[in-house]
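Presented below is the structure to which this report refers.
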Amino acid sequence: MTATDWATAVLMPLGALFALTGTIGMVRFPTLLGRMHASTKPDTVALVLILAGAAFQLPDLRSALPLALVAVFQFMTMPVLAQTLGRVAYSRGMVVSEHLVTDELADDLAKREAEEGRAAEDPRRAEAP
């Protein structure tokens, strides 16, 4: 076995292990935010490890460029997706506040609701379509 075969033999099962832990976390965690964390963080790392393992088997660096692009797009989209889904779930009341250590979003939502209430009372302050 060559060094690239060893790298693949280590990275691919390690990526599969990360994917497995993310899946177990989705089943075991009791809250929505915990499940979202388990589905985004380990699975992103798992994908990058599996892509790196696959890249070692390609003939040259140019062939590995599409794999690198997949990894970059994964790192760009998954945190944004998790943030957006968490914020929507929180604003719709799907998050149990007693499971949160800190609740930084409550003040922002209260401020926004107060501003919307003032805008509804004063038609001059309402936004134009």
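The values are calculated or read from the model by the stated rules, or taken from the named source; none is laboratory data. As the structure is a computational prediction, the values presented were derived from the model and not from experiment. Note that we place each Cβ from the backbone using ideal geometry, even for glycine, and neighbour counts take in every protein chain shown. Side chains included, ligands, DNA and RNA excluded: accessible areas come from the protein's heavy atoms. Shrake-Rupley method; radii C 1.70, N 1.55, O 1.52, S 1.80 Å.
Summary of computed values
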quantity: Net length gained if the chain between I24 and A68 were fully extended (0.36 nm per residue, minus Cα distance); calculated: 13.1 nm
quantity: Mean-position separation - Cα centroids, segment 60-74 and segment 1-59, in angstrom; calculated: 16
quantity: Relative contact order (%) - the chain, alpha-carbon pairs under 8 angstrom, separation at least six; calculated: 23
quantity: All-pairs alpha carbon distance profile, segment 1-71, 5 Å steps from 0, percent; calculated: 3, 19, 21, 19, 15, 10, 7, 4, 2
quantity: Accessible-area composition of the chain, carbon plus sulfur, in percent [1.4 Å probe]; calculated: 65
quantity: Two-site FRET efficiency, A16 against Q83, from Cβ-Cβ distance with R₀ of 22 Å, rounded to 0.05; calculated: 0.25
quantity: Highest-first arrangement of 15-24, 80-89, where packing means the average Cβ count within 10 Å; calculated: 15-24, 80-89
quantity: On Cα atoms only, tilt of 3-28 relative to the major axis of the chain in degrees; calculated: 30
quantity: Degrees, to the nearest 10: 32-55 long Cα axis against longest axis of the chain; calculated: 30
quantity: Rg(Cα)/(2.2 N^0.38 Å) for the chain, N = residue count; calculated: 1.56
quantity: Label-to-label distance, nm, for residues given as W6 and Q57 (7 Å Cα→Cβ offset); calculated: 1.9
quantity: Helix-only [θ]222 nm of the chain, DSSP H runs n ≥ 4, -39500 (n - 2.57) each, per residue, nearest 500; calculated: -27000 deg cm²/dmol
